[in-house]
Each structure stands twice: as C-alpha cells, then as structure tokens.
Amino acid sequence: VEDRSVDESGVDGIGLWMSQNTSPADDVSCFVQPSQETVDAVETISEQAGDRLVMLLNPQWRNVDDALDSASKQGGVFGSFASFLGGKGNSLRRLEEMGFDNVYTIEGYVCKGGNIRLLKRFGSDWIVFAENDSLSDYIKVGTSKTRPTYQEVDKLLDDKGIALKYARDIGLAPKFDE
C-alpha cells in the first residue's frame with residue numbers, strides 16, 4: 001500500500017492510498033477525505049485506473065446546500081460563477097459523470113432536539129434512526145427511497161408520536177424509550 005498526499009495545501013487527512021496487486025486488474029485506489037479541491041486528482045486517477053476500483057472514503061462536502069451550492073447546481077454562467085466561488089455543484093456533477101455512487105453512508109444531525117442517524121447501504125433504501133431518551137440505543141423510525149429531508153424526518157417522528165425532546169424531558173410528552 002502506498003500513501004500519497006493529494007492536496008498541495010498539506011491539509012491533514014486528505015490523501016490517496018494505492019494498492020498494487022499481483023494482477024493489475026485487482027489494483028485499488030482510495031481517496032481519503034477528498035474535498036472539492038481534489039476532484040481533479042480523482043478524475044486523473046479514475047481515468048488512469050480504467051475498470052479498476054477507485055473509492056472515495058469520507059468525502060468532505062456538505063450534505064446541506066448554502067446559496068453558492070444551490071446556484072452552482074443550476075449550470076449556465078451564473079452556475080459556473082457560483083462553482084468558481086466555492087459551490088459544490090460542479091464537483092458533484094463531475095463525480096456523477098465519472099460513475100461514482102454511494103455504497104455506504106451514515107449521517108447524523110439533531111431534529112426535535114434528539115439525535116438522528118441516516119443510514120444508506122448500496123442497493124437499499126435510506127433508514128432513519130432516532131436515539132431513545134435513555135441514550136442507550138437508536139430506534140428505526142422509517143425508511144425512504146431517496147435521502148430524506150429534514151422536514152421528512154420531522155414528519156416521520158410526528159407519525160411515530162415522538163415529540164420535541166424538551167417536552168419529553170419535562171413530562172409534557174411521553175418518553176421515547178422503545
């Protein structure tokens with residue numbers, strides 16, 4: 001296994017692991033914590049690899065969109081300008097054109113004051129989990145064919161009768177301890 005730095009800035013954690021096997025067809029390249037700034041390197045290695053496996057491990061682009069991200073996904077002059085200023089739309093479009101697909105994703109955020117985890121495995125739907133009030137487990141609260149929005153997760157919690165955490169904590173709503 002060879003470990004290379006990919007980012008000229010020397011940012012800690014961004015790198016490329018390359019494994020050469022006895023059969024070149026079994027060689028593997030893995031970008032660790034790639035950022036938008038390293039998509040050119042991803043494209044170069046992917047072209048060189050041909051049909052060999054190229055992976056992205058823990059990519060560092062946000063799942064939520066700011067104004068530049070949203071504008072950069074629109075294309076055209078304004079979209080190109082937004083990408084130039086830091087929007088991720090062009091980077092994501094390029095990765096999609098190269099054939100990259102999510103095979104395992106786990107994300108987390110807070111909704112209704114409680115911890116939420118979204119899980120996606122290759123070939124499956126997204127699974128939504130909510131942490132119980134005793135903080136001992138995550139309980140499955142629903143699934144979705146596409147990555148659920150915050151509003152869809154909020155509705156899943158409502159449909160399961162899971163109230164705001166502060167209301168559960170002070171006794172205004174039932175505890176969530178399935």
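Distant-in-sequence amide contacts of Ala173, defined by a placed amide H-H separation under 5 Å and a gap of 5 or more residues or a different chain, comprise Arg168. Rounded to the nearest Hz, the phi-derived 3J(HN,Hα) couplings of the range 35-49 under the Karplus curve 6.51 cos²θ - 1.76 cosθ + 1.60 (θ = phi - 60°) are 10, 4, 5, 9, 4, 4, 5, 4, 5, 4, 5, 4, 5, 5, 6, where x marks glycine and proline. In terms of distances greater than 23 angstrom between alpha carbons, the cross-link table entries Lys140/Lys175; Lys112/Lys160; Lys145/Lys175; Lys120/Lys155 yield Lys145/Lys175.
When nucleic acids and ligands are ignored and a 1.4 Å probe is applied, Glu47 ends up with an accessible area of around 130 Å².
Computing FRET efficiency as 1/(1 + (r/R0)^6) for Ser144 and Val77, where r is the C-beta to C-beta distance and R0 is 25 Å, gives about 0.15.
The values are calculated or read from the model by the stated rules, or taken from the named source; none is laboratory data. Note that this is a predicted model, so its numbers are computed, not measured. With ideal geometry, Cβ positions are generated from the backbone for all residues, glycine too; neighbour counts draw on all protein chains shown. For accessibility, only protein heavy atoms count, side chains too; no ligands or nucleic acids. Shrake-Rupley method; radii C 1.70, N 1.55, O 1.52, S 1.80 Å.
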